[in-house]
Each structure stands twice: as structure tokens, then as C-alpha cells.
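**Q** Once you've had a glance at the structure underneath, I'll fire off some questions.
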Amino acid sequence: MLTVTTTIPCPADFNGDEAVTSADITAYLAPWFTDLSSGTTVAGFNNSGATTSADITAFLGAWFEALAQAC
């Protein structure tokens, strides 16, 4: 029998270091500000098609949830 283990990435781990810390907030805000000035959607966290303050709210909600659940 073959056992396969998969890891589902935590959306709040924005910098990809496999830990949810305040560094993820900093890593998220940099592209968010860039998106505002360039019209890109790298930080479009809520999948609305635009980068707005609602994305920050969605990201922080996921971040706090990840802290509480050890995502």
C-alpha cells in the first residue's frame, strides 16, 4: 500500500515560509500597495477581480484564523 501525504498551503502564509507570523502581513501589504498603483491583482485575496481594502480585511481574517487553528 502506498501512502501519500499532501500539504494544503495555508492562504495566510503569504511569504511561503510554512509559518504564519507578522512577516506574512508585511509580505502581503507590499504587493497590495503595488496593486493599488499598477492595477494588478497579486494581492487580490478575496477573488473579486480588484484589489481593495476588502482584500486586507479578508487576508487579516484568514491570518487570525490561521493563528487560532495553527494553519
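None of the figures in this text is laboratory data; all of them are computed from the coordinates on show. This is a predicted model, so every value here is computed, not measured. Virtual Cβ from ideal backbone geometry, glycine too; neighbours counted across all protein chains shown.
**Q** Along Cα→Cβ, 7 Å out, is where each label goes; now give me the distance between the ones at T57 and S38 in nm to one decimal.
**A** Result: 2.6 nm between the two label points.
**Q** For P(r) over Cα pairs in 5 Å bins from 0, in percent, one of (i) 3, 13, 13, 23, 20, 13, 8, 4, 2, 1; (ii) 4, 18, 31, 25, 15, 7, 1; (iii) 3, 18, 24, 22, 14, 8, 5, 3, 2, 1, 0 was computed from the structure I shared and the rest are decoys. Which label?
**A** Looking at P(r) over Cα pairs in 5 Å bins from 0, in percent for this model, the match is (iii).
**Q** Here is a further query. Angle, helix 22-38 long axis vs. longest principal axis of the chain, Cα atoms, 0 to 90°, nearest 10?
**A** 40
**Q** Can you tell me the 0 to 90 degree angle between the C-alpha axis of helix 53-69 and the longest principal axis of the chain, rounded to 10?
**A** 20
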